[in-house]
Each structure stands twice: as C-alpha cells, then as structure tokens.
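The values are calculated or read from the model by the stated rules, or taken from the named source; none is laboratory data. Worth saying up front: this structure is predicted, and the values here are computed from it rather than measured. Counting neighbours? That spans all protein chains shown, and the Cβs are built from the backbone with ideal geometry, glycine included. All accessible areas refer to the heavy atoms of the entire protein, side chains included, with ligands and DNA or RNA removed. Shrake-Rupley method; radii C 1.70, N 1.55, O 1.52, S 1.80 Å.
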Amino acid sequence: MNRDARTVTELRILIGYLGELAPAWWSSQFFSPNAAAFLSPIFARTLFHAQCQGVTAAAARLHDEHIGVGRIYHVFRLPESVEQAVAATLTDGGFESETRPHLSSREQALERLAMLSEQQNASEGPMALGALADDLTPQIKAMAGLYFDAFSKGLKTFPYLREV
C-alpha cells in the first residue's frame with residue numbers, strides 16, 4: 001500500500017500540474033508562480049502540501065462532475081485507507097524533493113507520467129476500468145497510461161473504478 005500511495009500521490013500532482021497548463025482541464029493555478037507567491041506567506045512551511053491539496057480538490061470536482069459520485073473512485077478520490085496513506089506521503093519531506101523537479105515543464109511532467117504508466121489508448125470522457133481491486137498497482141498504471149495518452153492527444157479523459 002505504501003508504494004501505491006506514493007504513486008497515487010505523484011500521479012495526482014503530475015496530472016494536477018498538467019491539468020492546469022494550456023489547454024487547461026480546470027481553472028485553478030496552484031502550481032503557477034503567482035499562486036506560489038500568494039500562498040507562501042500563508043503556508044510558509046507547507047507550500048507544496050497546500051498546492052497539492054488545492055489542485056486535488058479542483059481536479060476531484062471536475063472528475064466528479066463527469067463521472068458522478070458514490071461507489072465510484074478515481075485518482076483524485078479513493079477509499080479512505082488510500083486517502084490516509086496519500087496524506088501521510090505528502091508529509092514526507094523527501095517526497096517533495098523527489099517530485100518537484102518533474103514540475104518544471106510540461107515535457108518533464110509528461111516524461112515522468114510515462115514512466116509511471118503502461119501504454120493505453122484514451123478516449124474523450126469517462127472511462128471505466130473495472131472494479132476496485134485489493135492490489136491497485138495495475139489499475140494505477142492503467143490510469144496513468146490513460147492520462148498520459150490523453151494529455152499527449154489533447155483529450156480530456158476521466159478513468160474510474162467501480163466499488164465492488
């Protein structure tokens with residue numbers, strides 16, 4: 001679970017960063033220099049955490065609008081046990097130093113997203129990936145692949161899992 005939580009957390013950040021770039025999927029700008037300048041006096045020691053939480057909320061809202069809520073999960077809203085592990089990952093100082101370099105450009109973020117994914121063919125809109133499994137690793141890789149393909153093609157895809 002710990003490895004899955006780190007991967008899910010990194011995916012949220014990468015997808016969140018890419019989703020804010022033109023053409024933007026959502027209107028937030030938590031990873032922009034302006035947002036950092038605005039947030040840093042308020043969240044001096046936890047700027048990265050605040051940026052991650054903000055972009056996660058923005059992305060979750062858009063995903064929920066397209067997919068729906070209740071008995072459905074996506075990378076920005078997962079079962080409570082996974083959410084707790086993701087929150088713990090964000091408090092790890094080493095995690096930020098490992099992840100931040102991938103947020104320097106669209107190309108860097110896409111390159112890292114490709115490394116976390118398996119090849120998929122994305123289509124526009126919601127995409128069901130089956131039932132939520134105990135071992136999330138293959139499903140996380142499939143989601144990452146769909147997002148990578150969607151960002152590469154200029155599509156908006158919303159992969160999701162159903163609760164068993």
- request: Post the alpha-carbon centroid distance, segment 1-41 to segment 70-115, in whole angstrom.
  value: 9 Å
- prompt: Rounded to the nearest whole Å², what accessible area per residue is found for the chain with the 1.4 Å probe?
  reply: 50 Å²
- request: Return one quarter of the surface area of the convex hull spanned by the alpha-carbon atoms of the chain, equal to its mean projected area, in nm².
  value: 8.8 nm²
Helical segments meeting 20 Å axial Cα length and Kyte-Doolittle 0.0 threshold in the chain (DSSP H): 47-67, 137-153
- prompt: Ignoring any ligand, DNA or RNA, what whole percent of the accessible area of segment 1-91 comes from carbon and sulfur when the probe is 1.4 angstrom?
  reply: 57 percent
- prompt: In debye, nearest 20: dipole of the chain around its Cα centre with unit charges on the Cβ of K, R (+) and D, E (-)?
  reply: 240 debye
query: Can you tell which of Ser123, Ser32, Ser97 shows the greatest fluctuation in a Gaussian network model of the chain with Cα springs below 10 Å?
result: Ser97
